[in-house]
1. With a Förster radius of 22 Å, plug the Cβ-Cβ distance of Phe46 and Phe93 into 1/(1 + (r/R0)^6) and report the FRET value to the nearest 0.05.
2. Stretch Lys27-Gln60 to full length: gain in nm at 0.36 nm per residue minus the Cα-Cα span?
3. Counting Lys and Arg as +1 and Asp and Glu as -1, each charge on the Cβ, what is the dipole of the chain about the Cα centre in debye, to the nearest 20?
4. Can you tell me the relative contact order of the chain? Whole percent, Cα pairs under 8 Å, sequence separation 6 or more.
5. How many percent of the accessible area of the chain is carbon or sulfur, using a 1.4 Å probe?
6. How big is the gap, in Å, between the Cα center of the range 24-66 and the Cα center of the range 85-99?
7. Ranked highest first by average number of other Cβ atoms within 10 Å, how do 55-67, 77-89 line up?
8. Under the classification rounded if a/c is under 1.5, otherwise prolate if a/b is larger than b/c and oblate if not, where does the range 41-99 fall, given a ≥ b ≥ c as square roots of the Cα gyration tensor eigenvalues?
Amino acid sequence: MSKPKYKVVVRCLPKGLSKQDFLDSVKSFEEKYSWSYFRPGKKSVFPARSRPGVAYLYFQDTSDVYKFHEFIQKEGIVYKGKTFKPQVEFAPFQKVPKR
């Protein structure tokens, strides 16, 4: 039997989204995750060099992971008046760095 998974990766975030904007978008889950990491997207004049943002969240309960997934699929992330529907999936590497 496999271990429960608590760490998720949120992919395809808007390129100009900041960490604070992302955390404000998921403020209702602030108490439910214990660790987060955000890599901002990169805007470039050349489309091939652009990349979307990525966020990692480590939840304390698996039910919160599923609630978060449902929230993102329904509400999305609002950035500059547009709603984006990022992908939420289990992180392939479940460990979290020690503090």
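The values are calculated or read from the model by the stated rules, or taken from the named source; none is laboratory data. Because the structure is a prediction, the values reported are computed rather than measured. Neighbour counts are summed over all protein chains in view; Cβ atoms, including those assigned to glycine, are modelled from backbone coordinates with ideal geometry. In case anyone asks, the SASA skips ligands and DNA or RNA and just uses the protein heavy atoms, side chains included. Shrake-Rupley method; radii C 1.70, N 1.55, O 1.52, S 1.80 Å.
1. Working: r = 30 Å, r/R0 = 1.37.
Computed FRET efficiency for Phe46 and Phe93: 0.15.
2. Details: separation 33, 0.36 × 33 = 11.88 nm, distance 1.58 nm.
Residue separation times 0.36 nm, minus the Cα-Cα distance, leaves 10.3 nm.
3. Values: 21 positive and 9 negative charges, 120 e Å.
The dipole of the chain has a size of about 580 debye.
4. Working: 160 pairs, mean separation 37.8, N = 99.
Relative CO of the chain lands at 38 percent.
5. Numbers: 3630 of 6810 Å².
Carbon plus sulfur share of accessible area: 53 percent.
6. Computed from Cα coordinates, the inter-centre distance equals 9 Å.
7. Answer by packing, highest mean first, reads 55-67, 77-89.
8. Numbers: a/c = 2.77, a/b = 1.38, b/c = 2.01.
Judged from the Cα gyration tensor, the range 41-99 comes out oblate (a/c at least 1.5, b/c at or above a/b).
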